[in-house]
Every structure is written in structure tokens, then in C-alpha cells.
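For reference, the structure discussed in these notes is given below.
The values are calculated or read from the model by the stated rules, or taken from the named source; none is laboratory data. The structure presented is a predicted model; accordingly, all values stated were derived computationally and were not measured. Positions of Cβ are generated from backbone atoms using ideal geometry, with glycine treated the same way; all protein chains shown enter the neighbour counts.
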């Protein structure tokens, strides 16, 4: 609803007058509409006690005002006194059966009781009586959302927009319904039509860009985000999405400018610094890349992506000592991060510090890493240290998570043959060949001594002759 500057001044004057009255204990007169606005203002900002005080004074001055009694109903609902609210609504209905607000408040009560069908029926009656149709369509949409009826919710939010195209909440809700129903193409078509009629809606352009981005239509997404930022040059979210899209389009210089704009608009974010660093790295500007990675972890030391970006930067340079230096800093802040521990292990593996590598892989698994390769690298660390029994125990543990892994079975076979437990070796190599007969040379690469054994060669030969791969 549009409020003129004059109405806004009157509203502020009423509030000031009321608060002055509370301080001086003088009783001043307000008309019933003034009281309604004052009470609802205090409810909106969460000052229920002031709202109740205003309501009491209002009913003293206007005991027969239906509007104030409806506000009292709203207060009862706010306090979860639904029985009192219903009783008062029944009294009001007997007096004014055509008052749409009675049906709206009754719908609110039904909704709170999870009786959404009854709430919908009340709102449909209110719709026939009201001049404020957008508000009722919005409420209907919300009730259908509560009922998980996204199609009817979408229809009602769309009707709301037909009545009031500037209702941004309804626009967001329409798009939400389309997305939930997996109708993203239809959502874009709807937004295109909406934009034809309302070309200066930055929200519609932004939502269109977001949907196109999700469908990997990056040129279309960029066009939409550019319009959104042209309409509103302080639209932080649109600049952020624009930057991400420019990255996808492999235009890192422009992406940097868009990310920089988000920093200019608001306090810097670690995410923006991180992405700028990534863009500079793609441009081959290593000094700028590391500068922004450092800014990332300075801005938010708990953001693991920042520490990982620095670590991976140095790993790509094969500067393992520097990578380890930053990783140790990260671990000092959060020593339960599986991604840190896995990199810690990988670096130490490269440096041939197998005990530290084993610790890293073990900790990674302990703190939630569920990747097969982490288990395999962990086992390979034991192999490098000659700790075959520990390797077997770890592989047997891994089979609970990866029962059909040929990589695990080949390793178990090689270990058992190395340990001269031939019966177990035969069992596991048979399993491995059944799961993936093409990778039998894993035994040769990991267990050269076991590979040379005649028994192993005969099993492999028989497998090759069978032609079962």
C-alpha cells in the first residue's frame, strides 16, 4: 500500500504524541485508526507490552470500535490465546458478517491449529468481500505452501502479482514454487513476461539470472544480472552473481571488477576475497592471487576454503614446505577438519614422511572423510613403512564401507600373499578379479615380491585365459 509523505508525517506524529503521553501520564485523545496504527506498529517491532498498553487505552476511548476489537483479536492470537480470539470473532461476526477481516483472522487461527483447509475456505470468503485482494491472495498462497500444494500456491501468488505487480515477496514466492516443482524453464518464461510489463524490476531480472545460471545458460544469466545492477547499482546480490557468472564465462578480469564492487558496497567478505584470488591465479598473477588468499584467511580464519586455496596454490608450485606451513596454521585453528588433514597427509607423502602421512589420513577418516582414495592412501602409507599387519587391519575396516572395491581386494590379496597367508590371498585375488579383472597389475606395482610367486602367476594366467574381464 502506498503511503504519502503527508500520511507518513501524521503517523510519526501520532507515535510521538502517544509516547509523550506515556511519559507525562496525561491522557490524550486519539481516533480509533490512530490507535490501530500505533498498536500494530508496536506489535511489528516486538514491543508487545506497549502494544497492550495502547490497546487498553484505545478500548477505553473507543469501546465499540470493530477495528480495535479486531486488533484485540490479533493480540490474542499473538499471545496464543486462540480460544479468546475465536470468542471475540464470533461476537464480531454476529455484528458484521460481511467484514472480511473477521474471516482473515479466523483463517489465521485455523492455520495456527494446522487446519489449513478450513483456513483456505475462510480466505476464499474474505476474497469475495475484500477490496485488498493482493493481501488475501498472498495469504492463500502461504496456506497452500503449508499444505505442500505448490501448484495452487503458485497460482495464488501469481494472482497477487496480477493485482499488485510491485509485491516483491509474492514474486519471490512464485519463483520458489516454480523451482520446487522443478519448472525452471517455465519460471524463466514467466519472468520474461513479467519483465515485459515491468522492465525496471531488478528483483525479476535477478531471479531470471539466477535461474539461467542454474541451467548453465551463462550468457543469458549475465545479461539478466547486468540489467539488475543497472537498475539498482547498490544491488549487492546481483553484483555477486554477476561476478560468479563472469568466472563461468572465463572472463576473470571483469569478474574481479564485479567482486570488487561488492566490497565497495558493503564490508569485505572472505568469499569475495577468495574469488578475486582465484581470478588472479587464472590470470597468472601469482603475487596478487596470494595477496587475496591472505586477505581471505585474515578476514575469516575459520573459512576452510581460504586456507585450502593457499595450500593448493603452493602445492601447484610444488612448494611443499610453504604449503605445510600454512596448513599447520589452519590445523592450529581447527584440528578436526578432514580436508586439512588429507592435505597434510598428501604433502607429507610427497616429502616421504610416511608416519606423518599415515597420521594425516587416519585423522581425515576419523573426522568424516568418506572417500575411498583416502583409505587407499592411508593403507599405502602403511605399505611404505612396511607395516603390513596395520595395512590389513585398515583394509578390512574399509571393506565395511566399500564392500565392492577391487582396489581394496587387490591390496588385501597382495598383503596376504606377502604374509604367506595363501588361502586368504587366493580368496581376495579371486574377489578382485571378479570385480575388475583389468586391473590385476595393481598387485605387480604394489607387491612386486608377491607378484613373482608362481601361485599368483598361475591364478592371473588362468584368469587371462578365461577371457572374463
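Quick notes on this one:
- Candidates 295, 278, 242: the one that is in contact (Cβ under 8 Å) with a residue 24 or more places away in the chain and out of contact with any helix residue (DSSP H, G or I) (no Cβ under 6 Å at 6 or more places or on another chain) is 278.
- Boolean, residue 449 is closer than 15 Å to residue 391 by Cβ and in a helix (DSSP H, G or I): yes
- If the condition is being touching a helix residue (DSSP H, G or I) at 6+ places or on another chain (Cβ under 6 Å) and in a helix (DSSP H, G or I), then region 367-388 contributes 374, 375, 376, 377, 378, 379, 381, 382, 383, 384, 385, 388.
- The set of residues in region 389-411 that are within 24 Å of residue 348 (Cα to Cα) and touching a helix residue (DSSP H, G or I) at 6+ places or on another chain (Cβ under 7 Å) comprises 390, 391, 392, 394, 395, 398, 407, 408, 411.
- Residue 332 vs. criteria out of contact with any helix residue (DSSP H, G or I) (no Cβ under 6 Å at 6 or more places or on another chain), buried (at least 18 other Cβ atoms within 10 Å of the Cβ) and under 26 Å from residue 370 (Cβ atoms): no
- Residue 468 falls short on exactly one of the conditions (1) part of a loop (DSSP other than H, G, I, E, B); (2) within 28 Å of residue 385 (Cα to Cα); (3) at pLDDT below 90, and that condition is (2).
- Selection within region 168-204 - surrounded by fewer than 19 Cβ atoms within 10 Å (Cβ to Cβ) and not in a helix (DSSP H, G or I): 181, 182, 183, 198, 199, 200
- Here 352, 322, 329 are screened, and the one residue that is assigned to a loop (DSSP other than H, G, I, E, B), more than 20 Å from residue 398 (Cα to Cα) and out of contact with any strand residue (DSSP E or B) (no Cβ under 6 Å at 6 or more places or on another chain) is 352.
- Filter result (more than 24 Å from residue 239 (Cβ to Cβ) and surrounded by fewer than 16 Cβ atoms within 10 Å (Cβ to Cβ)) within region 269-300: 284, 286, 287
- Scanning region 240-282 for residues that are assigned to a loop (DSSP other than H, G, I, E, B) and under 25 Å from residue 217 (Cβ atoms) returns 249, 250, 251.
- Of the criteria (1) under 22 Å from residue 168 (Cβ atoms); (2) at pLDDT below 95; (3) in contact with a helix residue (DSSP H, G or I) (Cβ under 8 Å, 6 or more places away or on another chain); (4) surrounded by fewer than 21 Cβ atoms within 10 Å (Cβ to Cβ), which one residue 131 fails: (3)
- Residues being in contact with a helix residue (DSSP H, G or I) (Cβ under 8 Å, 6 or more places away or on another chain) and part of a loop (DSSP other than H, G, I, E, B) - total across region 27-48: 4
- Considering region 350-361, the residues that are touching a helix residue (DSSP H, G or I) at 6+ places or on another chain (Cβ under 6 Å) and modelled with pLDDT of 95 or more include one that is nearest to residue 335 (Cα to Cα), namely 360.
- The set of residues in region 51-86 that are free of Cβ contacts under 8 Å to residues at least 24 places away in the same chain and over 19 Å from residue 106 (Cβ atoms) comprises 52, 55, 56, 59, 60, 63, 64.
- Selected residue (only one of 362, 411 is farther than 30 Å from residue 295 by Cα, assigned by TED's automatic domain parsing to the domain that holds residue 444 and part of a helix (DSSP H, G or I)): 411
- Candidate set: region 74-97, residues that are under 37 Å from the mean Cα position of the chain (by Cα) and surrounded by 13 or more Cβ atoms within 10 Å (Cβ to Cβ); chosen: the one farthest from residue 131 (Cα to Cα): 81
- Selection status of residue 100, within 44 Å of the chain's Cα centre (by Cα) and at pLDDT below 80: no
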